[in-house]
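Down below is the structure, laid out as structure tokens.
Nothing in this text is a laboratory measurement; each read-out follows from the coordinates by a stated rule. The model shown is predicted, which means the values in this text are computed figures rather than measured ones. So basically every Cβ, Gly included, is an ideal-geometry build from the backbone, and we count neighbours across all protein chains shown.
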Amino acid sequence: MKLSETEIAAIRHEMTLYEDPGAATIEALKIVQEHRGWVSDEALEAAAAVVGVTPTQMEAVATFYNLIFRQPVGRHVIMICDSISCYLTGYEEISAYLKKILGVEFGQTTADNRFTLLPIVCLGNCDNGPAMRINTDYHGRLTPEKVDAILAEYP
Ligand code: FES
């Protein structure tokens, strides 16, 4: 499998920014994910070849970062924080509500491919707990009503 010219050019550009081109590994994964939505084994191997690291080294980085998806995800990824501040301010109610209205458990994608639901460690939005991130947007002080309104913004 080959990456697109655009992906390869973007990765090569990142590699010029570091003394050690291998330091661009995480950026390479992010570029692949940006273009494909997730990082398949084949895409990971192709990206490793461009960066000049082994697929195992690339995989080690991919599995360390929880924002790199190694399985297909829906059009929008909901990450709900289960760390201490959010846990104390209503995580259980909000996560149960999300599971109920979406009809999925953690790690699953809705039947219409609209949302994937994942738990995540602290989003750095602790004073606004319970908090979640959808794609790159942060939402806090969640209530079931607020969740309904927020999800409507993601077709
Ligand atoms: S504990 Fe939830 S954002 Fe920090």
Exercise. List every residue whose amide H lies under 5 Å from the amide H of Ile120, counting only residues 5 or more places away in sequence or on a different chain, with H placed 1.01 Å from N in the peptide plane.
Key: Ile80, Cys81, Asp82
Quiz prompt | Within straight-line cross-link reach of Lys99, lysines at Cα separation under 24 Å, skipping those fewer than 8 residues along the same chain | solution = Lys146
Exercise. Along each of the three principal axes of the Cα atoms of the chain, give the extent in whole Å, ordering the values from largest to smallest.
Key: 47, 32, 24
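So, counting K/R as plus one and D/E as minus one, what does the shell of residues with Cβ under 14 Å around Met15 add up to?
-3
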Exercise. Rounded to the nearest 500, what is the 222 nm mean residue ellipticity of the chain from helices alone, with -39500 (n - 2.57) per DSSP H run of 4+ residues and division by all residues?
Key: -13500 deg cm²/dmol
Practice problem: For the range 64-99 and the range 109-155, compute the distance between their C-alpha centroids and round to whole Å. | Solution: 7 Å
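Suppose the chain between Lys99 and Ala23 were pulled fully straight at 0.36 nm per residue; how much longer would it get relative to their current alpha carbon spacing?
Working: separation 76, 0.36 × 76 = 27.36 nm, distance 3.77 nm.
Stretched fully, the Lys99-Ala23 segment lengthens by 23.6 nm.
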Quiz item: Using the Cβ atoms and a cut-off under 14 Å, what net charge is assigned to the surroundings of Asp41, where Lys and Arg are +1 and Asp and Glu are -1?
Solution: -1
Quiz item: Where a Cα-Cα gap under 18 Å defines reach, which aspartates and glutamates qualify for Lys100, not counting those fewer than 8 residues away within the same chain?
Solution: Asp82, Glu92, Asp112, Glu145, Asp148
